[in-house]
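Asks: The following block contains the structure, expressed as C-alpha cells.
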Amino acid sequence: MKDERYYSFSTFCKNTFGRRLYRAALDAGMTCPNRDGRAGTRGCIFCSGKGSGEFALAYKGQKLSREDLIWNHRPAQPGDFIAYFQAFTNTYAPAEQLKKLFTAALCDPLFAGIDIATRPDCLGEDVLALLRELKEEYPDKFIWIELGLQTIHETTANYIRRGYPLAVFDEAVKNLHEIGIPVITHVIIGLPGEDREMILETIRHLNRQKIDGIKLHLLHILKHTDLAEEYEKGVFTALDEDAYVSILCDCIAALDPHIVIHRLTGDGDRENLIAPRWSLDKRHVLNRVRHELAVRDIEQGQSM
Ligand code: SF4
C-alpha cells in the first residue's frame with residue numbers, strides 16, 4: 001500500500017494517478033454562515049479574517065494559465081493540479097452559482113479534479129444533487145469534499161464556536177458517501193482543554209465514519225483572532241514541539257491505514273502567527289515526525 005510508515009498524499013497520488021498532484025488554492029469570494037449570522041457572527045475562534053485562504057488565488061471561473069498556478073518552482077504540468085476551493089465555505093452560495101464555478105474548474109484541462117472545502121451544515125439537498133450531477137457529467141475528473149470538523153467533543157466545539165453538532169458532520173459524511181464523494185476531514189491537535197486521549201477519540205470516531213482522507217493540523221494562534229486574546233490572557237498554553245510530535249505519532253498509530261494523510265502540520269502565516277513559532281520550520285517538524293515514527297516503530301493503524 002505504501003512505501004512509508006503512513007499513507008501519505010503523495011503515495012496516494014502515485015498509486016491513483018501515477019503522478020503527484022498539486023493543490024491550487026482558490027478564493028472564490030465566498031463567505032461563511034459562521035460569520036454572516038446564520039450560525040454565528042464572529043467565526044470560529046481561531047479563524048483569520050481570510051477564512052483560511054491567506055495564500056489563495058482569486059477565482060471566479062476565469063481561464064487560468066499554468067504560470068498562475070506554479071509556485072515553489074514545482075515542475076507541474078497541466079493536469080497535475082487540483083482546483084482547491086479553500087477560502088471560507090465553498091458550498092455556501094446558490095446552487096446555480098456553484099454550478100458555474102465548479103463546472104469552469106472541471107472543464108479546465110489544468111485540473112485533474114476539484115477539492116471543495118466547506119462545512120457539513122452547508123451540504124443540503126440542492127448541493128448534494130449538484131455534486132451528483134457534476135460527478136456524472138465529468139467522470140474523468142474527481143470531486144472531493146473537505147470538512148473542518150476539528151474535534152468530536154461538543155465542549156471544545158462550543159468553545160471554538162464551530163457552530164454545528166457532531167451529528168451534522170456524521171450525516172454529511174453518510175450523504176456524501178452515498179453519492180460516491182470522498183471526504184477529507186480536518187482535525188486540530190492542541191485545542192484548549194483537549195488532552196491526548198480526547199484527540200485519539202476523535203481519530204477513532206473518524207475511523208468508524210470511514211472518512212477517506214485527513215488533514216492533521218497543529219493549532220495556530222494568529223494575530224487579530226479571539227483565540228489570540230485567550231492565549232494572551234493565559235487561558236491556555238500552546239503545544240511544544242515534543243508534545244505535538246508525540247501526539248501526532250499516536251494519532252497515526254490509531255488511524256485506519258486506508259485513510260490518506262493529506263497533512264501532518266499546518267502552513268503557518270509567518271507574519272500573523274503568534275504561536276507556536278517553532279512550527280514555521282515545517283521541514284524540521286516533518287523530519288522529527290519521521291524520526292519518532294521510526295524510533296517508536298509506529299505504522300499507521302497499528303493501534304486502531
Ligand atoms: S467555518 Fe471556516 S471560514 Fe467559517 S469561521 Fe470557521 S474556520 Fe472560518
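Asks: Report whether or not Phe9 is surrounded by 15 or more Cβ atoms within 10 Å (Cβ to Cβ), under 17 Å from Thr118 (Cα atoms) and among the aromatic types (Phe, Trp, Tyr).
Replies: no
Asks: Hey, among the residues in the range 57-77 that are at pLDDT 90 or above and within 21 Å of the chain's Cα centre (by Cα), which one's surrounded by the most Cβ atoms within 10 Å (Cβ to Cβ)?
Replies: Tyr59
Asks: Can you find a residue in the range 16-32 that is of a type outside the set (S, T, N, Q), open to solvent by 30 Å² or more (accessible area, probe 1.4 Å), part of a loop (DSSP other than H, G, I, E, B) and at pLDDT below 90?
Replies: no
Asks: Only one of these is on the phi < 0 side of the Ramachandran plot and either touching a helix residue (DSSP H, G or I) at 6+ places or on another chain (Cβ under 8 Å) or without any contact (Cβ under 8 Å) to a residue 40 or more places away in the chain (or both): Ile184, Ile203. Name it.
Replies: Among Ile184, Ile203, only Ile203 is on the phi < 0 side of the Ramachandran plot and either touching a helix residue (DSSP H, G or I) at 6+ places or on another chain (Cβ under 8 Å) or without any contact (Cβ under 8 Å) to a residue 40 or more places away in the chain (or both).
Asks: In this structure, does Gly180 turn out to be in contact with a Gly (Cβ under 6 Å, 6 or more places away or on another chain) and either at pLDDT 95 or above or hydroxyl-bearing (Ser, Thr, Tyr) (or both)?
Replies: no
Asks: Specify the residue that is nearest to the chain's Cα centre (by Cα); the eligible residues are those in the range 245-304 that are over 22 Å from Lys14 (Cα atoms) and of a type in the set (Asp, Glu).
Replies: Per the criteria, the residue is Asp267.
Asks: I've got another one for you. Just checking, does the range 120-136 include any residue being touching a strand residue (DSSP E or B) at 6+ places or on another chain (Cβ under 8 Å), within 15 Å of the ligand (Cβ to nearest atom) and touching a residue at least 40 places away in the same chain (Cβ under 8 Å)?
Replies: Yes, there is a match, as at least one residue in the range 120-136 is touching a strand residue (DSSP E or B) at 6+ places or on another chain (Cβ under 8 Å), within 15 Å of the ligand (Cβ to nearest atom) and touching a residue at least 40 places away in the same chain (Cβ under 8 Å).
Asks: Could you please find all residues in the range 38-50 being over 18 Å from Thr91 (Cβ atoms) and either open to solvent by 60 Å² or more (accessible area, probe 1.4 Å) or more than 8 Å from the ligand (Cβ to nearest atom) (or both)?
Replies: Once the filter is applied, which keeps residues that are over 18 Å from Thr91 (Cβ atoms) and either open to solvent by 60 Å² or more (accessible area, probe 1.4 Å) or more than 8 Å from the ligand (Cβ to nearest atom) (or both), the range 38-50 yields Thr41, Arg42, Ile45, Gly49, Lys50.
Asks: Out of curiosity, is Tyr84 assigned to a loop (DSSP other than H, G, I, E, B) and surrounded by 13 or more Cβ atoms within 10 Å (Cβ to Cβ)?
Replies: no
Asks: A further question follows. Among the residues of the range 247-262, is any closer than 25 Å to Pro165 by Cβ, open to solvent by 10 Å² or more (accessible area, probe 1.4 Å) and touching a Pro at 6+ places or on another chain (Cβ under 7 Å)?
Replies: Taking every residue of the range 247-262 in turn, none turns out to be closer than 25 Å to Pro165 by Cβ, open to solvent by 10 Å² or more (accessible area, probe 1.4 Å) and touching a Pro at 6+ places or on another chain (Cβ under 7 Å).
Asks: Which of the residues belonging to the range 157-172 are within 12 Å of the ligand (Cβ to nearest atom) and without any contact (Cβ under 8 Å) to a residue 12 or more places away in the chain?
Replies: The one that is within 12 Å of the ligand (Cβ to nearest atom) and without any contact (Cβ under 8 Å) to a residue 12 or more places away in the chain: Ala157.
Asks: In addition: Looking only at residues that are part of a loop (DSSP other than H, G, I, E, B) and open to solvent by less than 30 Å² (accessible area, probe 1.4 Å) in the range 87-103, which one is nearest to the ligand (Cβ to nearest atom)?
Replies: Looking at the filtered set, the residue picked out is Thr89.
Asks: For the range 206-231, enumerate the residues that are in contact (Cβ under 8 Å) with a residue 12 or more places away in the chain and either surrounded by fewer than 17 Cβ atoms within 10 Å (Cβ to Cβ) or part of a helix (DSSP H, G or I) (or both).
Replies: Within the range 206-231, Leu206, Asn207, Gln209, Lys210, Lys223, His224, Asp226, Leu227, Ala228, Glu230, Tyr231 qualify.
Asks: Go through the range 104-119 residue by residue and tally those that are within 16 Å of Lys174 (Cα to Cα) and either more than 16 Å from the ligand (Cβ to nearest atom) or not in a strand (DSSP E or B) (or both).
Replies: 1
Asks: Residue check, Ala129 against (1) open to solvent by 30 Å² or more (accessible area, probe 1.4 Å); (2) of a type in the set (Gly, Ala, Ser); (3) touching a Ser or Thr at 6+ places or on another chain (Cβ under 9 Å); (4) closer than 14 Å to Ile181 by Cα, all met but one. Which one?
Replies: Failed condition: (3).
Asks: What about Glu194, is it assigned to a helix (DSSP H, G or I) and open to solvent by 10 Å² or more (accessible area, probe 1.4 Å)?
Replies: no
The values are calculated or read from the model by the stated rules, or taken from the named source; none is laboratory data. Quick caveat: nothing in here was measured; it's all calculated off a predicted structure. With ideal geometry, Cβ positions are generated from the backbone for all residues, glycine too; neighbour counts draw on all protein chains shown. For accessibility, only protein heavy atoms count, side chains too; no ligands or nucleic acids. Shrake-Rupley method; radii C 1.70, N 1.55, O 1.52, S 1.80 Å.
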